[in-house]
1. I'd like the per residue volume of the convex hull spanned by the Cα atoms of the stretch 14-100, given in cubic angstrom.
2. Return the percentage of antiparallel bridges among DSSP beta bridges fully within the chain, rounded to the nearest 5 %.
3. Using just the C-alpha positions of the stretch 51-131 as equal point scatterers, what log10 of I(q)/I(0) does the Debye formula give at each q in 0.17, 0.19, 0.23 1/Å?
4. Rounded to the nearest 20 debye, what is the charge dipole size of the chain about its Cα centre when +1 sits on each Lys and Arg Cβ and -1 on each Asp and Glu Cβ?
5. Please find the FRET efficiency linking A128 to Q282, where r is the Cβ-Cβ separation and R0 is fixed at 45 Å, and quote it to the nearest 0.05.
6. Working with all protein chains in place, sort S247, S230, S169 by solvent-accessible area computed with a 1.4 Å probe, largest first.
7. Could you work out the mean projected area of the convex hull around the alpha carbons of the stretch 161-312, in square nanometres to one decimal?
8. How big is the C-alpha Rg of the stretch 1-146 next to the rule-of-thumb value 2.2 N^0.38 Å, as a ratio?
Amino acid sequence: MSPTTSPFGPLAVLLDPRAGHGVVAREVDAVEHALEARGLEYRLHVGGSSQELRELSAAALDEGYRFLAAVGDDGTVQDVVNGMFREGRPIVEAPVLGVVAAHSGSDLPLSFGLPGDTERAIGHLAGADTYPFDLMKIAVTGPDGARTIRYAHNVAEIGFHAAATIAASRGGARFHNVKRFAAFWRAYARTRVGPVTIGTDRRTVELDAWSVVIGNGQFSDGGIRLSPRSFPGDGVLDGLVFTGPKSNAYRLLPRIFRHGDHVPDPSITELHAKLKIDITSQRPLPVVADGLALGTTPVTFQVVPQQILLKV
């Protein structure tokens, strides 16, 4: 079949072999086969690090591509998205992003009902259907105390949930559920309830909390509906502040895992922002977004409304 150009021009495919603990590395042939079966004109790039993926993403846009596909997990998508921005704005106008989870466990597709397998996900790269979706611009504190900027697309965690995600990410894919269980209790043992100040567009609250979740998308940590009221196209960031004793972490766990019906709950304060959310704490708390450890508090989340089109 002769290659055909999509309505958005030729496709730059950015594949992360690290994603899904190496699962995506075994999907390279399947990705190319599916692209060729649909006759899509494409060029495949393989990035072995976050920096390389960001550089490949920016270079593709500089070369004239408008349509990029991230093949991998949410960390892959975050790296590709960050390469699409320069000096606070997209490198090209209305860039188009496709997401191929390739069995990596990426959570962003779940908010849009997109498939997690390679064959069907690449089927969604054809055609002209897109959805303008929001991002979070995160100014997070680094080890040297300076603020660094990252763009994220899905869910951010601060405190306990961030610590559990970091602990669960270590090592390979084997015994994943056992690792998550151990990571939960490791983070639980180290977490302390402490004062946290959170400022939004309309108000500032000071609460004793053990975790904060900022949602643009709904799903996190392999399909857990952690921020169930969020949708990455409504121009709003949703905050969940987990208060009360830290024993609420395991009291709420069945509700979080079951259907994400943990809100409303008397121990969870819900906040919403159309501009930004600022979070400070007496002691630095870990910050994770899209499964990647970014730094610590203080941290600011700014809404970036609908500057990228998601291919659906």
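1. 83 Å³
2. DSSP beta bridges in the chain are roughly 75 percent antiparallel.
3. Taken in order of the listed q values, log10 I(q)/I(0) reads -0.65, -0.81, -1.11.
4. The dipole magnitude comes to about 1100 debye.
5. After rounding to 0.05, the efficiency reads 0.30.
6. S169, S247, S230
7. 9.5 nm²
8. 1.01
The values are calculated or read from the model by the stated rules, or taken from the named source; none is laboratory data. For clarity, every value in this text was computed on a predicted model and none was experimentally measured. Because the Cβ atoms are built from the backbone with ideal geometry, glycine has one as well, and the counts that use them run over all protein chains shown. Please note that ligands, DNA and RNA were not included when accessible areas were found on the heavy atoms of the full protein model with its side chains. Shrake-Rupley method; radii C 1.70, N 1.55, O 1.52, S 1.80 Å.
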